[in-house]
C-alpha cells in the first residue's frame, strides 16, 4: 500500500516534467522535419554543390555525440544569441534529428519511381512544381514507418537536455530521488511516463501509416 501511495506521489511530482518533455519533443521533431525535408531535396535534386553540403551535414552531425552538439549550442553559440537552456537543448536535438530525418526522406524520395518526375515534366510542370506537387506528397507517405521510429528515438533523446538543467521528467526524477532516497520507485515511475507516451504515439502513427499507406 505504501508503495502504491509513493508511486502516485511521485507521479504527481514528475507530471510537470511531462509538459517539458513533450514540448522539447515537438520542437525537435518540427525542426528536424524542416531540416530533413530541405536536406533530402538538396541531396536528390540540388546539384553537386547543394548535394555535397547536405551530405556533409548529414555525415558530420550523425558522427557527433548528441551531448557534444548540446554543449556546443548551449556553452558557445547561446553566448552570442541569448538562448535559454530549454531552447538550446531543443534546437541542438532538432539539428541532430534533421540529419537522421534527411536520410529517411532521401530514401523515401528515391523510392518514388523516376517516371513520376518524367510524367510531371512531360505535362509542362517545372522541376520544383513536380517535386512539391508529385514527388514529395508520395515520399512523405512512404516515409511514415521510418519516421515513426525517429519519433520514439527523439522522445527518448529528449532526456538529454537534463545535462544543461532543463527540468524534464528525468531531471525531476533525479531531484526527487535525492530527497526521498527511493531511486528505484522514482525511476520506475519516470519509466512509466515514457512507456505510456511511446505506446500512445506508436498507436497513433500506426493508424496514420495504415490510412495513408500506398503501393509503389
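Laboratory data are not the source of any read-out in this text; all were calculated from the coordinates shown. Note that the structure is predicted; figures quoted are calculated from it, not measured. Using ideal geometry, Cβ is built from the backbone for each residue, glycine included, and neighbour counts are taken over all protein chains shown.
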Item to complete: Compute the length gained on full extension between residue 116 and residue 212: take 0.36 nm times their separation in residues and subtract their Cα-Cα distance, giving the result in nm to one decimal.
Response: 32.7 nm
Discussion item. Would you work out the Kirkwood radius for segment 126-216? I mean one over the mean of 1/r across all pairs of different Cα atoms, in Å.
Written reply: 15.9
Worksheet item: For the pair residue 156 and residue 188, what calculated FRET efficiency results from E = 1/(1 + (r/R0)^6), where r is the Cβ-Cβ distance and R0 = 22 Å, to the nearest 0.05?
Response: 0.85
Worksheet item: On full extension of the chain, what length is gained from residue 79 through residue 56, given 0.36 nm per residue of separation minus the C-alpha to C-alpha distance?
Response: 5.7 nm
Worksheet item: How high is the relative contact order of the chain, given as a whole-number percent (alpha carbon pairs under 8 Å, six or more residues apart)?
Response: 30
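Please state the shape class of segment 58-99: rounded when a/c is under 1.5, otherwise prolate if a/b exceeds b/c and oblate if not, all from the C-alpha gyration tensor.
Numbers: a/c = 2.36, a/b = 1.87, b/c = 1.26.
Verdict is prolate for segment 58-99.
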Worksheet item: What residue among 45, 57, 162 has the largest mean-square fluctuation in a Gaussian network model of the chain, using Cα springs under 10 Å?
Response: 45
Worksheet entry | Histogram of C-alpha separations across the chain, 10 Å bin width, % | 8, 28, 29, 21, 10, 4, 1, 0
Item to complete: Take the alpha-carbon centre of segment 1-34, take the same for segment 148-188, and report the distance between them in whole Å.
Response: 8
Worksheet, complete the sentence: Note: segment 129-182, point scatterers on Cα, Debye, no solvent; log10 I/I(0) at q = 0.14, 0.22, 0.24, 0.25 Å⁻¹ equals -0.58, -0.82, -0.88, -0.91
Worksheet, complete the sentence: Checking 59, 164, 37 against a Gaussian network model of the chain (alpha-carbon springs below 10 Å), the top fluctuating residue turns out to be 59
Worksheet item: Top mean-square fluctuation among 17, 165, 94, Gaussian network model of the chain, C-alpha springs under 10 Å?
Response: 165
